[in-house]
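Student: Structure in structure tokens, see below.
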Amino acid sequence: MALQHLTDLLQADVSFLACIDALRRQKAVVIDRIWGSSCAMAAALAMEKPVQTIEKPPQTSRISKKPSLLMIAVDNQENLERFCDDLSLFFGQNILAFPEIDDMETPFRIADERFGERIRVLKTLTEKSTGKLNILVTSIAALLQPVPSTEILQERTRQIQVGKYVV
């Protein structure tokens, strides 16, 4: 009951409603000065509201599909992991964590778990849209680190199927 009260208060807040309106107009939104799981709750509530855009020209205006990707940037890797855990409590679907790599001397190491996670997220983002909203949570440092190109990812990916030989 108390959690519902918190979400009701947030959804009635004029500043929060302004953020929702900005998202509807495909504008960037920064929500700060909230801590802990409140950040994840605000993000989840923002995603629950229908985000629709109007395509132009106005004579043929129609509501387009919901965006298939929402990116949330946090300040560091530790907060990324915490935020993803909290966000999964409020919005448990299609959360993609794009981690930063610790050792930039050798950024593309196969044995590095974070490297593998970055590749998995990149492949998910390059697949055809399923119509579901993917939420990409990352840090500023992770965004600044290099990634393999789409061509290299496709070139170095193997498809494994039952009954087929692996060459």
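The values are calculated or read from the model by the stated rules, or taken from the named source; none is laboratory data. Note that this is a predicted model, so its numbers are computed, not measured. Don't worry about glycine lacking a Cβ; one is built from the backbone with ideal geometry, like all the others, and counts go over all protein chains shown.
Student: Taking into account only those residues within region 83-114 that are under 19 Å from LEU133 (Cα atoms) and assigned to a loop (DSSP other than H, G, I, E, B), which is modelled with the lowest pLDDT?
Tutor: This residue is GLY92.
Student: Considering only region 111-167, how many residues are touching a helix residue (DSSP H, G or I) at 6+ places or on another chain (Cβ under 8 Å) and aliphatic (A, V, I, L, M)?
Tutor: 10
Student: Could you list, in sequence order, the residues of region 130-167 that are polar (S, T, N, Q) and part of a helix (DSSP H, G or I)?
Tutor: Of everything in region 130-167, those that are polar (S, T, N, Q) and part of a helix (DSSP H, G or I) turn out to be THR150, GLN154.
Student: Determine the pairs where a residue that is touching a residue at least 40 places away in the same chain (Cβ under 8 Å), located within region 135-163, has a partner that is part of a loop (DSSP other than H, G, I, E, B) and among the β-branched types (Val, Ile, Thr) with Cβ atoms under 8 Å apart, the partner being 6 or more residues away or on another chain.
Tutor: From region 135-163, the pairs are ALA142/ILE101; GLN145/ILE101.
Student: In the list LEU23, LEU80, which residue meets the criterion of being over 30 Å from GLY116 (Cβ atoms), surrounded by 14 or more Cβ atoms within 10 Å (Cβ to Cβ), in contact with a helix residue (DSSP H, G or I) (Cβ under 9 Å, 6 or more places away or on another chain) and at pLDDT 80 or above?
Tutor: LEU23 is the lone residue from the list that is over 30 Å from GLY116 (Cβ atoms), surrounded by 14 or more Cβ atoms within 10 Å (Cβ to Cβ), in contact with a helix residue (DSSP H, G or I) (Cβ under 9 Å, 6 or more places away or on another chain) and at pLDDT 80 or above.
Student: Now for a separate question. If we keep just the residues of region 1-15 that are hydrophobic (A, V, I, L, M, F, W, C), out of contact with any Ser or Thr (no Cβ under 9 Å at 6 or more places or on another chain) and within 20 Å of LEU89 (Cα to Cα), which is modelled with the lowest pLDDT? Before you say what the answer is, go through the steps one by one.
Tutor: Start the filter on region 1-15 by keeping residues that are hydrophobic (A, V, I, L, M, F, W, C), which leaves 1-3, 6, 9-10, 12, 14.
Okay, now just the ones that are also out of contact with any Ser or Thr (no Cβ under 9 Å at 6 or more places or on another chain), so 1-3, 9, 12, 14.
Imposing the further condition that a residue be within 20 Å of LEU89 (Cα to Cα) reduces the set to 1-3, 9.
Details: MET1: 46, ALA2: 54, LEU3: 63, LEU9: 83.
Restricting to residues being hydrophobic (A, V, I, L, M, F, W, C), out of contact with any Ser or Thr (no Cβ under 9 Å at 6 or more places or on another chain) and within 20 Å of LEU89 (Cα to Cα), the top hit is MET1.
Student: Now for a separate question. Take the residues of region 129-156 that are farther than 18 Å from ASN94 by Cα and in contact with a Lys or Arg (Cβ under 7 Å, 6 or more places away or on another chain): which is surrounded by the most Cβ atoms within 10 Å (Cβ to Cβ)?
Tutor: VAL147
Student: Follow-up question, since we're still on this one. Looking only at region 3-12, count how many residues are surrounded by fewer than 12 Cβ atoms within 10 Å (Cβ to Cβ) and not hydrophobic (A, V, I, L, M, F, W, C).
Tutor: Total meeting the criteria: 3.
Student: Which condition number in (1) closer than 17 Å to ALA73 by Cβ; (2) at pLDDT 80 or above is the one that MET47 fails?
Tutor: (2)
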